[in-house]
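Some notes on the structure that comes next.
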Amino acid sequence: MVSKLSLEEFLNKSFGLTIKDKNLFTKAFTHSSYKGCNPNFKGDYEKLEFLGDSVIGLSIASELFKRDISLGAISTSKDQIVSGSSLAYVGRKLDFHNYIRVGNSCCVISDSIIEDVYEAFIGAVYCEFGFETARKIVLSSLWNYFLMGELDFYFDYKTKLNTLVGQKYKGKVTYTLIDSFPSKDGSTTFKVSASWNNDSLSIGLGTTLKKAEQAAAQDALNTYFPKYK
């Protein structure tokens, strides 16, 4: 039986990175739930995730800017490419799920965790190797899968709902966070209400606010505009 590579070996083999700050990259692959079962816990990926999100966004926006497309197309394409489902897909293709550390309370490594780890990894690369190296990795992974047509872009239910409501009525649909609670996989589930003219249209659940809003918009479309597709 062939033993699994260490995280350091895996990143060197996959990306050609010779890591000096091992703790930095260990954090990038550590979920907050790991703290409860390890006395040597040295931090999780949350701050690196925040940083990586910006690096990914700038890298993708720069590539789209080079193309002969409108500002609206750039914005829409960027949102789709850096969506949670896209990042999770790429993270799984890169085998990140085999190196993520989670606690006993988090028995399932969900797509939302893999998405976060991909962002945190890019953040860690930026911290140790700089923007250019981080950008190249984003392009060789996320951007490359986009060019190959492998990313499963989501349908933008919010935009569609606002368009249809605007055509038939006045005003815009608004979204309000009603509640949030922990899920079994260690992530947070958000509960959002979609409203128009102070009347609640639907409720949506999701592991991020954006996903919950999209779910609420989808439910409203199915209820009030069943022929929208």
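The values are calculated or read from the model by the stated rules, or taken from the named source; none is laboratory data. All of these numbers come straight from a predicted model, not from anything done at the bench. Heads up, the Cβs are rebuilt from the backbone with ideal geometry, glycines too, and the neighbour counts pull from every protein chain shown.
Results, tabulated for the structure shown:
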item: Flag for residue 41 being part of a helix (DSSP H, G or I) and hydrophobic (A, V, I, L, M, F, W, C); result: no
item: Among the candidates 24, 51, 5, 17, residue that is hydrophobic (A, V, I, L, M, F, W, C), in a loop (DSSP other than H, G, I, E, B) and in contact (Cβ under 8 Å) with a residue 60 or more places away in the chain; result: 17
item: Matching residues in the range 69-90 - criterion: being farther than 15 Å from residue 147 by Cβ, of a type in the set (Gly, Ala, Ser) and either in contact (Cβ under 8 Å) with a residue 12 or more places away in the chain or not in a helix (DSSP H, G or I) (or both); result: 70, 83, 84, 85, 88
item: Matching entry among 32, 112, 54 (being within 13 Å of the chain's Cα centre (by Cα) and modelled with pLDDT under 95); result: 112
item: First in the range 192-219 and free of Cβ contacts under 8 Å to residues at least 12 places away in the same chain, second anywhere and of a type outside the set (A, V, I, L, M), Cβ under 6 Å, 6 or more apart; result: 200/193
item: Which listed residue is in contact with a helix residue (DSSP H, G or I) (Cβ under 8 Å, 6 or more places away or on another chain) and free of Cβ contacts under 8 Å to residues at least 60 places away in the same chain, from 93, 136, 66; result: 93
item: Breaking point among (1) in the same structural domain as residue 12 (by TED's automatic domain parsing); (2) modelled with pLDDT under 85; (3) exposed (fewer than 13 other Cβ atoms within 10 Å of the Cβ), for residue 105; result: (3)
item: Qualifying residue in the range 105-124 (condition: out of contact with any helix residue (DSSP H, G or I) (no Cβ under 6 Å at 6 or more places or on another chain), of a type in the set (Phe, Trp, Tyr) and part of a helix (DSSP H, G or I)); result: no
item: Of residues in the range 135-150 being of a type outside the set (Val, Ile, Thr) and crowded, with 19+ Cβ neighbours inside 10 Å, the one modelled with the lowest pLDDT; result: 146
item: Complete set of residues in the range 170-210 that are outside any strand (DSSP E or B) and at pLDDT 85 or above; result: 172, 173, 197, 198, 209
item: In the range 35-48, the residues that are small (Gly, Ala, Ser) and in contact (Cβ under 8 Å) with a residue 40 or more places away in the chain; result: 36
item: Failed item in (1) under 19 Å from residue 97 (Cα atoms); (2) within 15 Å of the chain's Cα centre (by Cα); (3) of a type in the set (Ser, Thr, Tyr), with residue 26 passing the rest; result: (2)
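A quick yes/no check of all residues on (1) closer than 29 Å to residue 103 by Cα; (2) polar (S, T, N, Q); (3) surrounded by 15 or more Cβ atoms within 10 Å (Cβ to Cβ):
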| position | (1), (2), (3) |
| --- | --- |
| 192 | yes, no, yes |
| 198 | no, yes, no |
| 208 | yes, yes, yes |
| 222 | no, yes, no |
